[in-house]
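Read through the structure below, which is laid out as structure tokens, and then see the notes.
The values are calculated or read from the model by the stated rules, or taken from the named source; none is laboratory data. Every value quoted in this text rests on a predicted model; they were computed, and no experiment measured them. For neighbour counting, all protein chains shown are included, and Cβ atoms are generated from backbone atoms with ideal geometry for every residue, glycine included. Each accessible area value is taken on the protein alone, full model and side chains, heavy atoms only, with ligands, DNA and RNA left out. Shrake-Rupley method; radii C 1.70, N 1.55, O 1.52, S 1.80 Å.
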Amino acid sequence: MQPDWKNILLQQGFLELTKTLENKAIDVVSWKVNDNTKVSLLASGILLVEPFDTSGVCDLVISSGVHGNETAPIEIVDRLVAKILTQDLVVRNRVLLIIGNPVAMNLSQRFDIENMNRLFNGHHVGKNHHEAIRAAQLENMVSDFFVAGTATERRHYDLHTAIRGSKYSKFAVYPFPDGRDWSKPQLEFFLASGINTVLLGHQPSGTFSYFSSHRFNAHAFTVELGKVKPFGENNPEDFALIEDNLAKLISDEAVNSKPFDNSDFNLFAVKQELVKHSEEFSLNIADDLENFSDFKRGFQLSNDGEHSYIVEQDGEAIVFPNAKIPIGQRAGLIVEKTDI
Ligand SMILES: O=C(O)CCC(=O)N[C@@H](CCC(=O)O)C(=O)O
Ligand SMILES: [Zn+2]
């Protein structure tokens, strides 16, 4: 017989239970929180919350911890689950709450074997390590969740924190929309949540948010909420706006947003992905250079033989620069300001 995961969850919370379970398989446990709400622990770090009243307007995925050391998003998910279980939050929309990579979380690392946020959209296929298996499991759970839902809208917010500081402390990455329009109501939601910087994706990718966008037409985003810090060092007040608005979505309460206006935002288009082509790859920037720092035309940003990058226009900026990645992967994004 398996331990009483329900009681451990109720007593210790979702985060502590997930630390304990790590990547152990469990039998699904379901129970009623009240006459309105059913909770199901589907797997370690995957909690389904459903109102019995099926008239919800939005099926919502809130994920965290796809990178194990990005603790603030995990704490946000933990607090939302606690509020649902204590009935401080009324649930009117179905929601799937996720802590993505419990093994890396317990190691306090971004990942153990392979960056999980490059493994979605089938990029896990043919790989047998635990992060590939977990990416496949997350894809299956999200697929089942969206397919079983009847709401008119699907949303997925994949919450992260960045390795570096940033000129704009919070920002969203909008995955490549596959020909769909950029959603102004979604940008209005971010502005109301204290996020006015959005990076518009330019091509398909192996990220969790692109998976939900591409496969399920969900409004899906990678949401960067600040800089990586260890557990216990995040200030919950820094995340209050987005956390309150996620709670409002769960409760189907109106979010206090204003009509879209380009001038309220810093919108960036990806000009080019910097790919690491050789072991000689290096970046000519300081380790603590902030995301969205910009350069003058002619500055040699990267050294990589014939693939070295020289800035082509004044104002080109860099996001997610990282030379410590495998050959063939993204070493940074060259971005420039845009409007929609
Ligand atoms: O700070 C960094 O260099 C990386 C932060 C991070 O994990 N970002 C995501 C962005 C995913 C996306 O492009 O949607 C990642 O690299 O996986
Ligand atoms: Zn991340």
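Here are some notes:
- Looking only at segment 123-173, and only at residues there that are of a type in the set (Lys, Arg) and in a loop (DSSP other than H, G, I, E, B), the one that is nearest to the chain's Cα centre (by Cα): Lys170
- Residues of segment 229-269 satisfying the condition of being part of a strand (DSSP E or B) and either in the same structural domain as Phe189 (by TED's automatic domain parsing) or open to solvent by less than 20 Å² (accessible area, probe 1.4 Å) (or both): Leu267, Phe268
- For segment 304-328, filtering for residues that are within 15 Å of Ser282 (Cβ to Cβ), surrounded by 12 or more Cβ atoms within 10 Å (Cβ to Cβ) and not hydrophobic (A, V, I, L, M, F, W, C) leaves 6.
- Matching entry among Glu243, Glu253, Glu280, Glu312 (being in contact with a helix residue (DSSP H, G or I) (Cβ under 6 Å, 6 or more places away or on another chain) and either charged (D, E, K, R) or within 21 Å of Ser183 (Cβ to Cβ) (or both)): Glu243
- Here Val125, Val95, Val173 are screened, and the one residue that is of a type in the set (Val, Ile, Thr) and within 12 Å of ligand 1 (Cβ to nearest atom) is Val173.
- For segment 3-21, a residue qualifies if it is touching a residue at least 24 places away in the same chain (Cβ under 8 Å) and either in contact with a Lys or Arg (Cβ under 6 Å, 6 or more places away or on another chain) or open to solvent by 60 Å² or more (accessible area, probe 1.4 Å) (or both), and the qualifying residues are Lys6, Leu10, Lys19.
- Consider segment 97-156 and keep the residues that are open to solvent by 50 Å² or more (accessible area, probe 1.4 Å) and in contact with a helix residue (DSSP H, G or I) (Cβ under 7 Å, 6 or more places away or on another chain). The one that is farthest from ligand 2 (Cβ to nearest atom) is Arg154.
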